[in-house]
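> Before anything else, here's the structure in question.
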């Protein structure tokens, strides 16, 4: 199945319970038909030792529904990967207690409304096409540089899935062949070099304290990976979000664009732009909502 970037009715008239599941935090919100957040809350992913994470997740979801006083029509979830197609099982690299976890089945047993799940970075790509920096674009990629690194690709107005639903996972493009070991088992992946977890591991302090040199190097490596994708897939726009990328700011984006100018030189990729997210801090939840809307549209 493929997800349309701009779901048609009845999805346009649906209130969505959106959930963003990451290695650091889990957020939930109720969004109206225009993408406005009516209620929003979050929890830390790793807190509550001995308490089942799914129970904490459903408690969060129930709390935002109660806060909004509005019954949702659909659940949309963006979750860290990898996962099997449509989120039948999820195995987020940064959530070790969830390996082959049957997230979709558990949600369907718990709530009496449709639920749809996709990779969180792919969900973010939908958000940028819906209300963000890629609005009106039919061909682009979107990526998140945060605790981990992931991405999604839209071609001809359609979000790519791939065989198991993991298309666009730019975090595991090799950018330093002799680089650091990655949690996936390879060496020199983008995620192993520029993610918040990686930077904290090799500097000994949170990424927010990274030096100018590390900020610029991170941007350069992101530009290198994005240029390879643009050359492969005929793209000229990449939207980047995440606490690391946005926190590093101008130094990061200047370095990324300079590398793109150097490395994307084919007639169809020359002029590649690497820009910050247009969704601000709403991006992950807008993406989760877009997954729910797209799921409903595909069933209509």
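The values are calculated or read from the model by the stated rules, or taken from the named source; none is laboratory data. Not measured: the values here are computed from a predicted model. Cβ: placed from backbone, ideal geometry, glycine included. Neighbour counts: every protein chain shown.
> Output the number of the condition that residue 254 fails; it satisfies all remaining conditions of (1) in a helix (DSSP H, G or I); (2) more than 22 Å from residue 169 (Cβ to Cβ); (3) more than 20 Å from the chain's Cα centre (by Cα); (4) free of Cβ contacts under 8 Å to residues at least 24 places away in the same chain.
(4)
> I'd like to verify a number: residues in region 218-245 that are within 12 Å of residue 257 (Cα to Cα) and free of Cβ contacts under 8 Å to residues at least 60 places away in the same chain, how many?
Of the residues in that region, 7 qualify.
One line per residue, one yes/no per condition, for (1) in contact (Cβ under 8 Å) with a residue 12 or more places away in the chain; (2) assigned to a loop (DSSP other than H, G, I, E, B); (3) buried (at least 24 other Cβ atoms within 10 Å of the Cβ):
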| residue | (1), (2), (3) |
| --- | --- |
| 109 | no, no, no |
| 128 | yes, no, yes |
| 138 | yes, yes, no |
| 142 | yes, no, yes |
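> Now for a different question. Across region 27-36, which residue is surrounded by the fewest Cβ atoms within 10 Å (Cβ to Cβ) among those that are over 18 Å from residue 129 (Cβ atoms) and modelled with pLDDT of 95 or more?
Within region 27-36, the match that is surrounded by the fewest Cβ atoms within 10 Å (Cβ to Cβ) is 27.
> Oh, and also: Output the residues belonging to region 42-55 that are in contact with a strand residue (DSSP E or B) (Cβ under 6 Å, 6 or more places away or on another chain) and either touching a residue at least 60 places away in the same chain (Cβ under 8 Å) or surrounded by 14 or more Cβ atoms within 10 Å (Cβ to Cβ) (or both).
Passing the criteria: 42, 43, 45.
> Could we say that residue 294 is buried (at least 21 other Cβ atoms within 10 Å of the Cβ) and in a helix (DSSP H, G or I) here?
Against the criterion (buried (at least 21 other Cβ atoms within 10 Å of the Cβ) and in a helix (DSSP H, G or I)), residue 294 qualifies.
> Same structure, new question: For region 67-80, check the following and say yes or no: at least one residue is crowded, with 17+ Cβ neighbours inside 10 Å and modelled with pLDDT under 90.
Scanning region 67-80, I find at least one residue that is crowded, with 17+ Cβ neighbours inside 10 Å and modelled with pLDDT under 90, so the answer is yes.
> Given 201, 210, 197, 230, which one is surrounded by fewer than 19 Cβ atoms within 10 Å (Cβ to Cβ) and either more than 18 Å from the chain's Cα centre (by Cα) or at pLDDT below 95 (or both)?
Among 201, 210, 197, 230, only 201 is surrounded by fewer than 19 Cβ atoms within 10 Å (Cβ to Cβ) and either more than 18 Å from the chain's Cα centre (by Cα) or at pLDDT below 95 (or both).
> Name the residues in region 257-276 that are crowded, with 21+ Cβ neighbours inside 10 Å and assigned to a strand (DSSP E or B), would you?
274
> Across region 53-96, what is the total count of residues that are under 19 Å from the mean Cα position of the chain (by Cα) and in a strand (DSSP E or B)?
7
> Right, here's the next one. If you check 170, 174, which single one turns out to be crowded, with 24+ Cβ neighbours inside 10 Å, over 25 Å from residue 31 (Cβ atoms) and not assigned by TED's automatic domain parsing to the domain that holds residue 32?
Only one candidate qualifies: 170.
> Follow-up. Among the residues of region 82-94, is any surrounded by 23 or more Cβ atoms within 10 Å (Cβ to Cβ), within 15 Å of residue 115 (Cα to Cα) and in contact with a strand residue (DSSP E or B) (Cβ under 8 Å, 6 or more places away or on another chain)?
Yes: region 82-94 contains one or more residues that are surrounded by 23 or more Cβ atoms within 10 Å (Cβ to Cβ), within 15 Å of residue 115 (Cα to Cα) and in contact with a strand residue (DSSP E or B) (Cβ under 8 Å, 6 or more places away or on another chain).
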